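What follows is one structure encoded as structure tokens, with my remarks underneath.
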Amino acid sequence: MKRREFLTTAAVAGVAAGAGAAPALAQEKVGTIGVAIPSATHGFMGGLNFHAQDTIKRLQQVYPQLDFVLATAGNAGKMVNDIEDMVATRNISALVVLPFESEPLTSPVQAVKEAGIWVTVVDRGLSVEGIEDLYVAGDNPGFGRVAGEYFAQHLESGKKIVVLRGIPTTLDNERVEAFTAAIEGSGIEVLDMQHGNWNRDDAFNVMQDFLSKYPQIDAVWAADDDMAIGAMEAIAQAGRTEEMWVMGGAGMKEIIRRIADGDPQLPANVTYPPAQISTAIELTALKLVSSTPVSGRFIIGSQLVTPENAEQFYFPDSPF
């Protein structure tokens, strides 16, 4: 923990130093940063899109010597096309990318790197390690571990749970592996795991299937607040709200409010901030305008949210 805090403090200090020094830098253009992210198809991505746009707008004032191009995509194929277009027509100096899916984006991003362009990967890792210069993400193993520890502490041996997974990505694997390790030996029975793709409608459909298959479900690890909302709607329609509780993840303000108010269906949550895209863009900009070293891994820790501390994580004006 001390090591992570040191890295985080040093990196933030570097951003601040870079911002403060910006007026003294030469104003001729020094490069273009391409930012490729998924479209705002659900709450977390809505928040992430907001922070990406807000950060670019702010950095255009701080660093007038930089240009930015932002592209959003609703599928992996569109994101690949966006990135190829940035390289071919915008001559980008750096790419910040949150892969729509890990596997389809690996080769295209590797080609960007091989062209001598700085690569920052955010959140969903590539399927081949070591391509990117900088990786920025929440603590995905920590996200799964914290959730798993809560389940192990609050469910008796023999209780039955179901799990909603996200889009097939390296980060989803990391979360599920850590969750599974945390409940090992607890006696909790995992009835089923299926992909809800971090989508309310998909989660609703998966949860309906779970409810039709399993007469006893004591808790649900939805692993995402949008999926939690979809799952809870399916549970409500089945008339089984009193039978099970649900844990989502990422700290959506509506979920945090319900936890703070003591909703028994939502006893806890795990943080995973969409503002991590701001960290990624700021550090990439700092790389282009200064000699500050920013390569490596920047990991933002996950925290457990309960009724006792929920007010600390409730931001009513947040887009997410």
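The values are calculated or read from the model by the stated rules, or taken from the named source; none is laboratory data. Bear in mind the structure is a predicted one, so any value in this text is a computation, not a measurement. Glycine gets a Cβ as well: all are built from the backbone with ideal geometry, and neighbour counts include every protein chain shown. Just so you know, the surface numbers come from the protein's heavy atoms only, side chains and all, with ligands and any DNA or RNA stripped out. Shrake-Rupley method; radii C 1.70, N 1.55, O 1.52, S 1.80 Å.
To the nearest 10 degrees, how steep is helix 225-237 against the longest Cα principal axis of the chain, on a 0 to 90 scale?
30
Given a Förster distance of 35 Å, report the FRET efficiency between Glu156 and Asp201 from their Cβ-Cβ distance, rounded to the nearest 0.05.
Computed FRET efficiency for Glu156 and Asp201 comes out at 0.60.
How much area per residue is accessible in segment 139-269 when the probe is 1.4 Å and only protein heavy atoms are counted (Å²)?
Averaged over the residues of segment 139-269, the accessible area is 39 Å².
Leaving out ligands, DNA and RNA, and with a 1.4 Å probe, what % of the accessible surface on segment 139-269 is carbon or sulfur?
Heavy-atom surface of segment 139-269 belonging to carbon and sulfur, 1.4 Å probe: 44 percent.
Mind putting a number on the dipole of the chain about its Cα centre? Charges go on the C-beta only, +1 for Lys and Arg and -1 for Asp and Glu, and I need it in Debye to the nearest 20.
The calculated dipole for the chain is roughly 760 debye.
Hey, got the dipole for segment 139-269? About the Cα centre, +1 on K and R Cβ, -1 on D and E Cβ, debye to the nearest 20?
That gives a dipole near 80 debye.
What is the sum of charges around Gly125, taking Lys and Arg as +1, Asp and Glu as -1, for the other residues whose C-beta is under 9 Å from the C-beta of Gly125?
Here the charged neighbours net out to -3.
Using Cα atoms only, what is the angle between the long axis of helix 170-183 and the major principal axis of the chain, expressed in degrees (0 to 90) to the nearest 10?
With rounding to tens, the tilt is 40 degrees.
What pairs in Lys159/Lys253; Lys78/Lys113; Lys29/Lys57; Lys213/Lys253; Lys57/Lys78; Lys159/Lys213 have C-alpha atoms more than 27 Å from each other?
Distance filter (> 27 Å) returns Lys159/Lys253; Lys213/Lys253.
Within segment 60-100, list the residues whose amide N lies under 18 Å from a label point set 7 Å along Cα→Cβ of Val30.
60-69, 92-96
Per the Kirkwood formula on distinct C-alpha pairs, the Rh of the chain is how many angstrom?
After inverting the mean inverse Cα-Cα distance, the result is 20.5 Å.
By average Cβ neighbour count within 10 Å, what is the ranking of 292-301, 276-285, 163-172 from highest down?
Top to bottom by mean Cβ count within 10 Å: 276-285, 163-172, 292-301.
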